[in-house]
1. Can you run phi through the Karplus equation (6.51, -1.76, 1.60; θ = phi - 60°) for the stretch 81-86 and list ³J(HN,Hα) in whole Hz, with x for Gly and Pro?
2. Need the full-extension length gain, residue 1 to residue 52, defined as separation in residues times 0.36 nm minus the C-alpha distance. One decimal, nm.
3. What are the ³J(HN,Hα) values, in whole Hz, obtained from phi via the Karplus relation 6.51 cos²θ - 1.76 cosθ + 1.60 with θ = phi - 60°, for each residue of the stretch 30-37 in sequence order, with x given for Gly and Pro?
4. Ranked from highest to lowest mean number of other Cβ atoms within 10 Å per residue, what is the order of the peptides 77-86, 1-10, 25-34?
Amino acid sequence: MINAAAIALGKTKSIKAKEILIALDKKPSRKNQSRISSLNGLEQLGDTSTVDFIIECVGQSIPRWYLATPVWDYPFTAINTLVALSKTELAYPIIFDRFKNHYKTTISMTSSKMYNLSIC
């Protein structure tokens, strides 16, 4: 329900929607649903001034579900939002560094490498 409301708010293209959607990220939720809803709303809003917040979401490594889907894993949602804003090139350095660092520390952990590769 929150996700649907965030998407509808983003579709209004209202200037006020940006602040509300970014603030939604700070609301407690299970499985980072507030953040995912925030990003989905920002995708609909289409405001490129939100890119710094979205990039921050791509780069954060807080504990989360790793299900490789934008429904449960907010970095995927953030990447989808960057695609909608035509700003994916801004995420490449973050993803490359994450992949490179994981490769160094988890040589025997193929699933970790594949996860990082899948977000590319």
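Throughout, read-outs are computed from the coordinates displayed, never taken from laboratory work. Small disclaimer: the values here were computed from a predicted structure and weren't measured. When we count neighbours, we look across all protein chains shown, and the Cβ atoms used for this are built from the backbone with ideal geometry, even at glycine.
1. Once θ is set to phi - 60°, the couplings for the stretch 81-86 become 5, 5, 4, 4, 8, 6 Hz.
2. On the way: separation 51, 0.36 × 51 = 18.36 nm, distance 2.61 nm.
Taking 0.36 nm per residue and subtracting the Cα distance, the gain is 15.7 nm.
3. For the stretch 30-37, the Karplus-derived couplings read 8, 6, 6, 5, 5, 5, 4, 5 Hz, x marking Gly and Pro.
4. Numbers: 77-86: 19.6, 1-10: 16.7, 25-34: 14.2.
Going from most to least packed, we get 77-86, 1-10, 25-34.
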